[in-house]
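Inspection log for the structure reproduced underneath, given as structure tokens.
The values are calculated or read from the model by the stated rules, or taken from the named source; none is laboratory data. Quick caveat, the model's predicted, so the values are computed rather than measured. Cβ: placed from backbone, ideal geometry, glycine included. Neighbour counts: every protein chain shown. Just so you know, the surface numbers come from the protein's heavy atoms only, side chains and all, with ligands and any DNA or RNA stripped out. Shrake-Rupley method; radii C 1.70, N 1.55, O 1.52, S 1.80 Å.
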Amino acid sequence: MAPRPSPTARRRRLAAALRQLREARNLSCTDAGRAAGWSESKISRIETGRVGIRQPDLERLLDLYEVTGEPRAALLTLRRQATHRGWWHSYADALPAWFEEYVGLEDGAKSLLTYQNQLVHGLMQTEAYAVAIIQAARPWASADEVERQLAARATRQALLTAGNPLHVWAVLDEAVLRRTVGGSATMRAQLSRLRDIAAFPNVTLQVLPFDAGAHASMGTSFELLQFPEPGDTAIVYIEDHTTSQYLETPGDLERYTLVFDHVRASALSPERSVEFIRQVASGMT
């Protein structure tokens, strides 16, 4: 199936292509910036993909790198596609600016590997569970704000059942299951939802039990996004209350891939995990 057309992923793909073109000509960011009449920092910002690039600026770089014909036309088309507005822009009032970037990347990803040590992943949350989380984190949020966040979350969750669905491998710490969020009824419904999602053909769900002891990701939840295009490198995403981190170096990717491999090896099998979730739910009062 064709990749989902996420403008965020396309902007990142264009940024990587421009970096490769510069490096193929043995130019540093300083050299390229000087030749284009820009600062080194402008070249760097363009190549990180965190900001877009205007068509005149792209054409100047393509002239500098001597890109012509079909390759030039393809990169210009990619820039136009990268400027399209994703669905998440309609929820700018509900999503922090630093989280919009992640949503755009998630929307264009092929697969997601995630370890969660406190919360059910947003793609798997019921509405009542999500409301309890939002109200705990933002007790001042109005009813309208909560509704907007719920609507954005529901749109994200469609990735799991789309015609070209996101493939998810999620490891949940036992603490995620034991923490009673929103009351027992809400939590039982959430655990039931997890069992339903575990049956999706594109989802692998495991539980890391307390008796597994110390493990490779103590205290740190993270996401490892992988993309369908060969030139798109994976990315590790970590967030806290107000900011987020994107890790993309080969060393970071290798480290977090290894961490995830260790965590899922320590977790219960998918079959035993579903049974474990059922047992936790049945023991709730």
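Out of all the residues in region 118-145, which are at pLDDT below 95 and open to solvent by less than 30 Å² (accessible area, probe 1.4 Å)? Passing the criteria: Ile134, Ala141. Whenever a residue of region 202-216 is closer than 13 Å to Glu174 by Cβ and of a type in the set (Val, Ile, Thr), its partners that are in a strand (DSSP E or B) and open to solvent by less than 10 Å² (accessible area, probe 1.4 Å), lying with C-beta atoms within less than 9 angstrom and at least six residues away or across chains, give the pairs Val207/Val171; Val207/Leu172. Cβ-Cβ distances below 6 Å connect no pair with a first residue in region 32-56 that is of a type in the set (Lys, Arg), a second residue that is open to solvent by less than 20 Å² (accessible area, probe 1.4 Å), and a separation of six or more residues or different chains. Checking each residue in region 241-268 for being more than 17 Å from Leu225 (Cβ to Cβ), assigned to a loop (DSSP other than H, G, I, E, B) and open to solvent by 40 Å² or more (accessible area, probe 1.4 Å) picks out His241, Thr242, Thr243.
Within this structure, Gly182 fails the test of being within 21 Å of the chain's Cα centre (by Cα) and either more than 15 Å from Leu105 (Cβ to Cβ) or acidic (Asp, Glu) (or both). Filtered by the rule that a residue be open to solvent by 40 Å² or more (accessible area, probe 1.4 Å), of a type outside the set (Val, Ile, Thr) and touching a residue at least 60 places away in the same chain (Cβ under 8 Å), region 168-183 gives Trp169, Arg178, Arg179.
Regarding Ala281, is this residue more than 22 Å from Phe99 (Cβ to Cβ), in contact with a Leu (Cβ under 6 Å, 6 or more places away or on another chain), surrounded by fewer than 19 Cβ atoms within 10 Å (Cβ to Cβ) and at pLDDT 95 or above? Yes; evaluated as a whole, the condition is true for this residue. The residue pairs whose first member lies in region 235-252 and is closer than 13 Å to Glu106 by Cβ, whose second member is in a loop (DSSP other than H, G, I, E, B) and open to solvent by less than 80 Å² (accessible area, probe 1.4 Å), and whose beta carbons are closer than 6 Å, counting only pairs six or more residues apart or on different chains, are Ile235/Glu248. Against the conditions (1) touching a strand residue (DSSP E or B) at 6+ places or on another chain (Cβ under 6 Å); (2) polar (S, T, N, Q); (3) surrounded by fewer than 15 Cβ atoms within 10 Å (Cβ to Cβ), Thr114 satisfies every one except (3). Quick check: is even one residue across region 228-235 of a type in the set (Gly, Ala, Ser) and within 26 Å of Phe99 (Cβ to Cβ)? Yes, region 228-235 contains a residue that is of a type in the set (Gly, Ala, Ser) and within 26 Å of Phe99 (Cβ to Cβ). When Asp31 is tested against the conditions (1) surrounded by 14 or more Cβ atoms within 10 Å (Cβ to Cβ); (2) in contact with a helix residue (DSSP H, G or I) (Cβ under 8 Å, 6 or more places away or on another chain); (3) not in a loop (DSSP other than H, G, I, E, B), the lone failure is (2). Starting from residues that are more than 20 Å from Leu225 (Cβ to Cβ) and polar (S, T, N, Q), keep the ones in region 119-170 and report whichever is nearest to the chain's Cα centre (by Cα). The selected residue is Gln149.
Counting residues in region 51-73 that are over 30 Å from Ser221 (Cα atoms), in contact with a Gly (Cβ under 8 Å, 6 or more places away or on another chain) and exposed (fewer than 15 other Cβ atoms within 10 Å of the Cβ) gives zero.
Does at least one position in region 4-25 carry a residue that is open to solvent by less than 30 Å² (accessible area, probe 1.4 Å), in contact with a Leu (Cβ under 8 Å, 6 or more places away or on another chain), part of a loop (DSSP other than H, G, I, E, B) and within 18 Å of Asp232 (Cα to Cα)? Within region 4-25 (the criterion being open to solvent by less than 30 Å² (accessible area, probe 1.4 Å), in contact with a Leu (Cβ under 8 Å, 6 or more places away or on another chain), part of a loop (DSSP other than H, G, I, E, B) and within 18 Å of Asp232 (Cα to Cα)), the answer is yes, since at least one residue qualifies. How many residues, within region 68-94, are at pLDDT 85 or above, outside any helix (DSSP H, G or I) and within 22 Å of Ala162 (Cα to Cα)? Residues meeting the conditions: 0.
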